[in-house]
Structure formats: structure tokens, C-alpha cells
1. Give the stretch 67-99 a look and list any residue that's more than 20 Å from the chain's Cα centre (by Cα) and either outside the structural domain of PHE121 (by the TED database) or among the aliphatic types (A, V, I, L, M) (or both), or say none.
2. Condition first: surrounded by 22 or more Cβ atoms within 10 Å (Cβ to Cβ), of a type outside the set (Ser, Thr, Tyr) and either under 15 Å from ARG252 (Cα atoms) or in contact with a strand residue (DSSP E or B) (Cβ under 8 Å, 6 or more places away or on another chain) (or both). Now tell me which residues in the stretch 220-239 satisfy that.
3. For TYR262, only one of the following conditions fails: (1) hydroxyl-bearing (Ser, Thr, Tyr); (2) over 17 Å from ARG385 (Cα atoms); (3) touching a helix residue (DSSP H, G or I) at 6+ places or on another chain (Cβ under 8 Å). What is its number?
4. Test TYR133 against the stated conditions and say whether it is in the same structural domain as PRO120 (by the TED database), open to solvent by 20 Å² or more (accessible area, probe 1.4 Å) and modelled with pLDDT under 95.
5. Restricting to the stretch 19-41, and then to whatever is closer than 16 Å to GLU73 by Cα and either charged (D, E, K, R) or open to solvent by 60 Å² or more (accessible area, probe 1.4 Å) (or both), can you tell me which residue is modelled with the lowest pLDDT?
6. Among the helices (runs of 4 or more DSSP H) confined wholly to the stretch 205-295, which include 3 or more residues that are farther than 27 Å from CYS378 by Cα, charged (D, E, K, R) and in the same structural domain as ALA319 (by the TED database)?
7. Going residue by residue through the stretch 364-382, is there one that turns out to be within 23 Å of the chain's Cα centre (by Cα), open to solvent by less than 60 Å² (accessible area, probe 1.4 Å) and on the phi > 0 side of the Ramachandran plot?
8. Mind counting the residues in the stretch 202-219 that are within 18 Å of the chain's Cα centre (by Cα), open to solvent by 60 Å² or more (accessible area, probe 1.4 Å) and closer than 14 Å to ARG242 by Cβ?
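The values are calculated or read from the model by the stated rules, or taken from the named source; none is laboratory data. All figures in this text were calculated on a predicted structure; none of them were measured in a lab. With ideal geometry, Cβ positions are generated from the backbone for all residues, glycine too; neighbour counts draw on all protein chains shown. With ligands, DNA and RNA removed, areas are computed over all heavy atoms of the protein, side chains included. Shrake-Rupley method; radii C 1.70, N 1.55, O 1.52, S 1.80 Å.
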Amino acid sequence: MVSSRTYFESATNMATSTRQSCLKYLLHLAQDNLDFRLPEIKSLLALRGKPFHSSGNFQEKTPFWCLDGLSEEDVRGVMARSVCAKSAFELWGHGTTHSELKTSLLKYPTENMVCDAMSPFMRKDSTYRINVYTFNKTLEFEDRIKRIDSMDYLPFEGTVNLKSPQHIFCLLEDYGTDPNDIPEHPNYIYFGRWIADGQRELIRSHSVKNRHFIGNTSMDAGLSFIMANHAKVNKMTLSLTRSLLVACSHFRAYVCGTDIDYNTIHGRGRSSRKNKTWRGPDENIRANLRQYGTEDMYIDVMVSDASKHVWREAALFDAIITDPPYGIRESTRRTGSHKDVTKPQDAIYEESHVSVTQAYHLSDIFTDLLNFSAHHLCACCPLSRYCVEMVPLNPCLRIISNCEQTLSSHTSRRLITMEKIKNPEELDSLAYLADPRFSPYQGHNAFREKYFSGVNKRSGKEDNKAAVNGE
């Protein structure tokens, strides 16, 4: 009896795994931060030990991606963290016309070699709803109803429930990405069972303007969560940018951080908010985590930077995530002085001691950051950080993704994710000197001048235009 039950359970599990391995899943993605979407999905799949396998003619810039080789649990795991994806569906049928869609849907169980692929969701005792979604085009309500009625060939036996159905199905029509050239008929049509929504709501709920504490350069909420996903944060994370602690702690990573600004670390000094002069008594970084219910993931923050860090020489962190300054809204400074400064005899500073700072070139910032990461990241762990224009390299780190974000007509910045591939050796910290790109790499130092030269040119053109118009 036991052996029969065991055989039955193993056969059931085998049938389930076979069904899931044959299924295709459709991701509907937001049409913003296009360069960031693929690395985010790949990173979240890697957290579950799954590779990224696209189905058919994969086009990265489109809002719909078909994926193979995943289970429903994998898809739900990705959607539980993704802020680039809106929704995920179990793909039942697709085609360039409604006729092709019908043919694909009627073949769906046969193609997947599972006779009951649809029936569990169409029983008499179930409730369901069908949604119609169109990308880049708006349909009238009557047209939506016609599309739903035209799918009467599907054997739905349950009851329609628009408020709280057990199963939700969706007909999705893709009209391309050009709002100035919308075709009369969709380029492609999909139909599937809704699995889960992404975490786009986090962008609103964690908006910087709603936080208890903000700094002059607090990172946008959406980009913060994208950075955290690129870095696959889930354990021990060091953030060298204070506002990123919120996103990392949301994904249940223990967080600690550093900043060179004493007032920011301790929540003192002038406020960054409009019409407010000074920060309040509890306006600090820890208060933000308390606001979002993740204070238990907070370790500490301290005054430090990558040039003179305070950590012991060991692989301490599962991820390092940072947005270093470029000299635009925050100056590029590091601890230290050009003068000879002698420590007190007992090497103890007062609690209110503020470190002396000096100029810090962008090229030096990135070099120190990469060397720091090579020494303090655990093996195969990622570094995710923003840089401007050129991509600095380190022999201990391998580039996983390189995503560009345009800032203006003449400047941009990049989100670089790197993975530690080996422990540092004696000369690795000087490897960048042998890089033939080292001379242009020093051009980072001119980023501030380049940025404001464009602003000045634009202002000059506007002044000339006003003068011509007699204003």
C-alpha cells in the first residue's frame, strides 16, 4: 500500500513537472528604463538558479516577452521583486491575427502534451474574468466586449465574477511602440492566464517625497529597487549611498552604510526639503527604515569613504551597491587633508568630530571603489553602482550588465553590475594603469565641466532667441 501511494505521488509530481516544463510564460513589462529590464529579470531568475530562455523572435525593446523553461513558482518569485515587469501570464495562445490566435488556443493542450491544461481553470464550480489590454492604443468599451464575445470557442463552464474571480484571463494586443504610427490592426495578440503582478506599486509607496528623511541626492525609488535587484541583494549588503538602504532592506537584506557627510549620517544640519530650514530631531536614515517596517534589517551607518574605509580586510559582504557623486549636486570629496594632521595621542576623537576632506577625482573614486569591492565582496557576489560615461575595470571583477541612462542631450550615466570572480593579488590594484584606456578614463574628471558647458550653451541659445524676439 505504501509503495503504491509512493508511486502515485511520484507519478503526479512527474506529470506536474512535465506540464510546467512545457509551459510558456508571458511577461508584460513597463516601457521605461528599457536598458534596465533584461538585466533585472536575468538577476531575479539567477536568484532561483534559473537561466533566461526567451521563446521565438525575442525583441528586447518590446513590452511583451515570452519565456521558456520556468515553473509557475519561478515566475511568482520573479514578480515578487521585479519593478520593471507589470504582470506575468501563463501563455495559452498567440498569433498575428485573431484567427491565428484561435488556432493556437485550440491546439494548446495538444502542443503541450497535457490533455487537461485548460480544464482545471474552466470547471463549473470556478469563477473567472477576462480582461482586454491594448498597448499603444485605446479601445472603446463596446470593442472590448466584442473581443471577449468572439472567444466563445473556449470551453468556459464557470461563472463570470468581475470583482473577485478565482481565475483571471487576459487578451493582450500589441500595436507597436510608435505613438505617431498606430496600426489599424494589432501587430501581435496574446491570450493567457494571469499569474501575478510585479512590484510597480513600490515606486509610489516608497517615493522620495513621502520619506521621513531625504538628502540632496536621494536616489529615485524605482531606480533604487532596480539597483537592488541587479545586485541580487538578499543577505548582507553594504550601501555606499544612504538612500539605497531602504530598497535593500525591503528585500530582507541586512544593511549597513557609509557616507562622508557627518551631518547626513547623524541627521543634523540644514534640511534638503523645500520651505524647511533645519532637520528634525528624528530625521535620519534609520527613521526611513522604521517608516517602512524594516528597521530590524538595519545594522548601522558611519562616516567613511572608499579611499579610507573602516572595515577589516576580509570578504564581508554579499553585495555592495552605490551611487557615487559626479560633482553636480554633491561635490566629490574624500577624507584627508593636504596638510600634516597628527592624531591625538590616545587616537580617540570626540563624538562630534568632523573629518577633514579634500578633493577627489572621479577616476580615483571608481578605482578605489573597485579595489574595495575586490577585497570585501564574497566570491561570486555582485557590485552594482552608477558611473558616468566610461566603464572602469578591475581584474577581480567581471561585468554582468551595463545599462545607460540618458541625463541630457550630451551626458549620460551607466548602471554597472559586476561580479567578483577571484581574490585580489598584490598588483591587481594597479592593473588599471596598464589599461590602454587609462588616459581617456581620466576624462571622468572633466564630467562636471562637460555637464555645465552644455547647460551654459543651452542658456546662451535661449538668451539669443529671446533677444531676436525682442523679449
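1. Within the stretch 67-99, LEU70, LEU91 qualify.
2. Result: PHE225, ILE226, MET227, ALA228, ASN229, HIS230, ALA231, LYS232, VAL233, LEU238.
3. Result: TYR262 passes all but (3).
4. no
5. My answer is ARG19.
6. none
7. Checked the stretch 364-382: no residue is within 23 Å of the chain's Cα centre (by Cα), open to solvent by less than 60 Å² (accessible area, probe 1.4 Å) and on the phi > 0 side of the Ramachandran plot.
8. Total satisfying the criteria: 0.
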